[in-house]
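Participant: Pasting in a structure now, in structure tokens, and then I'll have a few things to ask.
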Amino acid sequence: MTLFTPMLRASSLTEIFSDEKTLQGMLDFEAALAQACAQCGVIPESAVKVISGQCQATKLNSEALAQAAAGAGNLAIPLVKQLTANVKQHDEQAARYVHWGATSQDVIDTGLVLQLRAAFDASELLIGQLIDVLSAQVQQHQHSVMPGRTWMQHALPITFGLKLAGTLDALLRWQQRLSEIKPRVLVLQFGGAAGTLASLKDQGMPVAQALASALALNPSDTPWHSQRDRLLEASTWFAGVSSTLGKFANDFSLLMQTEVAEVGEPIAEGRGGSSTMPHKRNPVSCAAILTATMRIPGMMATLYASQNQQHERALGGWQAEWETLPQLIMLTGGVMQTSLDLMQGMQVNTAKMRANLDITHGLIMAESVTLALAKSIGKQAAHHLVEQLCHRALDENQPLATLLAQHPDVSAHLSTIQIEHLLDPQHAIGSNDHFISQVLARAAQQTRRGK
């Protein structure tokens with residue numbers, strides 16, 4: 001439904017899988033096939049210009065195609081009929097050579113691969129933009145101290161920069177994976193009726209090579225009509241990127257809760273409001289991202305199930321891919337674009353982050369005191385003593401610093417100044433700067449390599 005496109009699928013990837021682009025991918029295959037066959041002497045050269053001239057999606061009746069496909073079993077059969085009829089109106093002889101040597105699945109699969117190439121290119125641009133924006137945010141918040149949370153509870157201090165760096169690190173790996181899978185996925189499908197190209201006799205391989213060259217696709221060692229691992233690999237990439245960004249959105253929405261209030265989505269007129277409560281500021285971008293990431297696993301299950309295909313050409317599994325894979329890719333495009341907008345305009349309340357560190361009266365820093373005290377009285381004794389004082393701090397609603405300074409077994413080894421230093425979260429972020437510098441260096445390296 002187009003009503004939901006701006007909310008869930010608004011990105012440069014959506015148009016790539018429009019009906020017109022789907023038909024055009026198939027027609028590009030037919031035009032290149034005619035060119036390759038003529039180049040190899042299989043069909044007359046005179047037929048190429050006429051056939052290619054009719055290989056435009058706007059010259060087809062898409063509504064009639066859709067109706068005819070229901071009876072034919074796929075879109076390629078009525079597409080070839082319409083194309084042949086259109087060519088015949090201009091040159092009856094040329095019409096004989098439409099779709100020469102190919103089968104329906106060659107047309108549909110290669111058309112999809114051409115769409116995948118465009119989707120990869122658009123995704124490469126989006127993920128590059130995400131990396132650039134995140135890199136800038138990581139640098140800006142490298143020292144923005146906040147509570148680290150494990151099991152949804154305060155753990156130890158971290159920085160918001162490090163939290164963002166984790167997402168950046170994952171996106172850099174997805175960027176690398178994309179460059180690795182493109183040569184494997186962007187492969188011609190051309191095998192004829194049963195994967196032997198028998199109808200082309202001894203010209204099968206020359207035509208296949210010329211066709212791959214015309215479409216700028218890699219040739220395949222064998223036709224892959226019922227070996228769908230390439231499409232599974234592509235879908236896994238898109239699903240993986242959406243999962244990484246879904247984790248980011250989930251964390252962001254939790255940090256945006258009223259009681260936490262450490263971050264906020266970009267402010268705009270009418271954004272995140274409620275139909276009844278004027279004070280509401282809902283995480284609408286996070287909701288859109290999470291909506292997609294909840295749907296995508298089911299789509300992946302379909303694509304995994306469709307790997308079990310019968311013999312040389314399958315029924316059911318192949319057809320299950322037709323809508324599932326494009327929908328998955330369009331949803332992921334929406335996730336990437338929505339995440340980019342969120343990251344560019346997000347609000348970060350560093351003062352609230354710092355204040356939230358203090359709500360446990362210093363308990364979040366208890367480990368650093370334990371380790372310092374352990375040097376004098378041993379780790380077990382230090383742990384037991386500090387644990388007791390932590391319980392007192394909670395029970396009596398007192399600052400841990402006060403109880404530590406008053407206890408003789410602590411004050412004998414640690415001064416008040418030392419205790420204050422140990423309880424300062426800014427001094428307890430460990431290898432934060434090292435981790436961040438490593439990720440930023442790799443981001444800069446991959447960005448330079450991509451230019």
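The values are calculated or read from the model by the stated rules, or taken from the named source; none is laboratory data. These numbers were taken from a predicted model, which means no experiment stands behind them. Glycine gets a Cβ as well: all are built from the backbone with ideal geometry, and neighbour counts include every protein chain shown. Accessible surface is based on the protein model in full, side chains and every heavy atom, while ligands, DNA and RNA are left aside. Shrake-Rupley method; radii C 1.70, N 1.55, O 1.52, S 1.80 Å.
Participant: Among the listed pairs Lys81/Lys182; Lys163/Lys375; Lys59/Lys88; Lys59/Lys182; Lys352/Lys379; Lys21/Lys182, give every one whose C-alpha distance is greater than 25 Å.
Facilitator: Check vs 25 Å cut-off fails for Lys81/Lys182; Lys163/Lys375; Lys59/Lys182; Lys352/Lys379.
Participant: Summing Lys, Arg as +1 and Asp, Glu as -1, what charge do residues with Cβ under 10 Å from the Cβ of Ala194 carry, Ala194 excluded?
Facilitator: Overall, the nearby charge balance is 0.
Participant: Taking θ = phi - 60°, what integer Hz values does the Karplus form 6.51 cos²θ - 1.76 cosθ + 1.60 yield along the stretch 262-267, in sequence order, with x for Gly and Pro?
Facilitator: 8, 9, x, 6, x, 8
Participant: How large a share of the accessible area of the chain, in percent, is made up of carbon and sulfur atoms when the probe is 1.4 Å and the other protein chains stay in place?
Facilitator: 54 percent
Participant: Given a Förster distance of 30 angstrom, what is the FRET efficiency for Arg149 paired with Arg448, based on the Cβ-Cβ distance and rounded to 0.05?
Facilitator: 0.30
Participant: If you add up the charges near Thr222, with Lys and Arg at +1 and Asp and Glu at -1, over every other residue whose beta carbon is less than 15 angstrom from its beta carbon, what do you get?
Facilitator: My count for the surroundings of Thr222 gives -1.
Participant: I would also like to ask the following. Excluding same-chain residues fewer than 8 positions from Lys201, which lysines have a Cα within less than 23 Å of its Cα?
Facilitator: Qualifying lysines at Cα under 23 Å: none.
Participant: From Cα pairs below 8 angstrom and at least 6 apart in sequence, can you work out the relative contact order of the chain, rounded to a whole percent?
Facilitator: Relative contact order here is 19 percent.
Participant: For n ≥ 4 DSSP H runs only, could you compute -39500 (n - 2.57) per run for the chain, divide by its residues and tell me the 222 nm figure to the nearest 500?
Facilitator: Computed mean residue ellipticity for the chain: -21000 deg cm²/dmol.
Participant: Starting from the Cα-Cα distance between Arg184 and Glu396, subtract it from 0.36 nm times their residue separation and give me the gain in nm to one decimal.
Facilitator: That works out to 69.9 nm of additional length.
Participant: Rounded to the nearest 0.05, what FRET efficiency do Thr258 and Gln344 have when you use their Cβ-Cβ distance and R0 = 30 Å?
Facilitator: 0.80
Participant: Over all Cα pairs of the stretch 1-73, how is the pair count split among 10 Å bins, expressed in % and running from 0 up to the last occupied bin?
Facilitator: So the P(r) values, bin by bin, are 17, 33, 31, 14, 5, 0.
Participant: Students often check this: by mean Cβ neighbours within 10 Å, which of 430-439, 406-415 ranks highest, and how do the rest follow?
Facilitator: Averaged packing, sorted descending, gives the order 430-439, 406-415.
Participant: Here's a follow-up. Please calculate how many Å² of accessible area the stretch 53-185 carries per residue, with a 1.4 Å probe and no DNA, RNA or ligand atoms counted.
Facilitator: Result: 44 Å² of accessible area for each residue.
Participant: With r as the distance between the Cβ atoms of Ala441 and Lys49 and R0 = 56 Å, compute the FRET efficiency 1/(1 + (r/R0)^6) and round to 0.05.
Facilitator: 0.55
Participant: Return, for the Cα atoms of the chain, the radius of gyration and Dmax in Å, separated by a comma.
Facilitator: For the chain, the Cα-based Rg and Dmax read 29.9, 104 Å.
Participant: Here's something else I'd like to know. If you average the alpha carbon positions of the stretch 371-440 and of the stretch 47-88, how far apart do those two centres end up, in angstrom?
Facilitator: 75 Å
Participant: What distance in nm separates the simple spin-label points at Glu312 and His421, each placed 7 Å from Cα in the Cβ direction?
Facilitator: My value for the distance between the label points is 7.9 nm.
Participant: Sequence-distant or interchain residues sharing an amide H contact under 5 Å with Thr159, placed H: which?
Facilitator: Under 5 Å from the amide H of Thr159: Met146.
Participant: If we sort 169-177, 255-263 on the protection proxy, mean other Cβ atoms within 10 Å, highest first, what's the order?
Facilitator: Output ranking for 169-177, 255-263: 169-177, 255-263.
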